[in-house]
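The values are calculated or read from the model by the stated rules, or taken from the named source; none is laboratory data. Remember, predicted model here, so these are calculated numbers, not experimental data. Neighbour counts are summed over all protein chains in view; Cβ atoms, including those assigned to glycine, are modelled from backbone coordinates with ideal geometry. Side chains are part of the model used for accessible areas, which takes the heavy atoms of the whole protein and leaves out ligands, DNA and RNA. Shrake-Rupley method; radii C 1.70, N 1.55, O 1.52, S 1.80 Å.
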Amino acid sequence: MSDHELRVSKIRNGTVIDHVEGGQALNVLAILGIDGSEGFGVSIGMNVPSDRLGHKDVVKVEGRELSASEVDVLSLIAPEATINIIREFEVAEKNRVTRPENVRGVLSCPNHNCITNADEPVDTRFDVVSDGVRCDYCSTIIRENLAEHIDV
Ligand code: CTP
Ligand code: ZN
C-alpha cells in the first residue's frame with residue numbers, strides 16, 4: 001500500500017496483526033485481552049482495502065508481543081492473518097498464522113459442569129476439529145462466536 005493510502009500510522013515497537021478478516025478486529029482485541037485500559041497504544045483499521053483479501057482489518061499494538069497461545073486462538077478467527085513484529089520501525093519478523101491442533105488456557109468451556117469450571121479449575125484445553133473446537137475434558141464443541149468464549 002503506498003504512503004498516501006496509509007490510514008493507520010506506522011508504529012515503532014510492537015505487533016501488527018495484518019490481513020484480519022473484515023469485521024474481526026474487535027474480536028482480535030478480545031483474544032488479546034486488550035480493552036484500552038492497559039495504557040499502550042492500539043490502532044485499528046477496519047475494512048481497509050487489501051490487494052489479497054479485498055477488504056481487511058488491521059490491529060497494531062505498541063509495546064506488546066503475542067504469546068503462542070494467543071496466536072493459536074487468533075488463527076481460528078483470522079486464518080489469513082500475518083503477525084508482524086516491529087522493532088525500531090522495521091518489520092523484524094513476519095509470520096502467517098497456522099491452524100493449531102489444540103488451544104490451551106485461552107478459551108473457557110461453556111459447560112458449567114465441566115471440570116475446567118470447577119472450584120479449583122484445571123486449565124482449559126480444546127482440540128481443533130473440523131466444525132469448531134472441542135473441550136478435551138467434556139467434549140463440548142464450540143462451533144461459532146469463539147471470541148465470546150475467551151477467558152480474560
Ligand atoms: N507496519 C507498521 N509499522 C511499521 C512497519 C510496518 O505499522 N513500523 C505495518 C504496515 O503498515 C503493514 C504491516 O505492518 O500493515 C506489514 O508491513 P510490511 O511488511 O512493510 O507491509 P507489506 O509488505 O504490505 O506486508 P505483506 O507482504 O504482509 O502484505
Ligand atoms: Zn468442558
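Tabulated results
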read-out	value
Most to least packed among 16-23, 86-93 [average Cβ atoms within 10 Å]	16-23, 86-93
Length gained when the stretch ASP35-ASP131 is fully extended (0.36 nm per residue, less Cα-Cα span)	31.7 nm
Fraction of the pair-distance distribution of the range 4-58 above 17 Å, Cα-Cα pairs, percent	38 percent
Note, ³J(HN,Hα) from phi for the range 47-52, Karplus 6.51, -1.76, 1.60, rounded to Hz, x at Gly and Pro	6, 8, x, 9, 4, 7
The range 117-125 - phi-based ³J(HN,Hα) in whole Hz, Karplus 6.51/-1.76/1.60, Gly and Pro as x	10, 6, 4, 10, x, 8, 4, 6, 8
Accessible area of the chain belonging to carbon and sulfur atoms, whole % at 1.4 Å probe	43 percent
Max mean-square fluctuation residue, GNM over the chain, Cα-Cα springs under 10 Å, options ASN113, ASN95, ASN27	ASN113
Cα-based convex hull, the range 28-152, per residue volume (Å³, whole number)	127 Å³
Highest average packing first - 105-111, 125-131, Cβ atoms within 10 Å	105-111, 125-131
Integer Hz, Karplus 6.51/-1.76/1.60 couplings in order for the range 17-26, x for Gly and Pro	9, 10, 6, 7, 3, x, x, 9, 4, 5
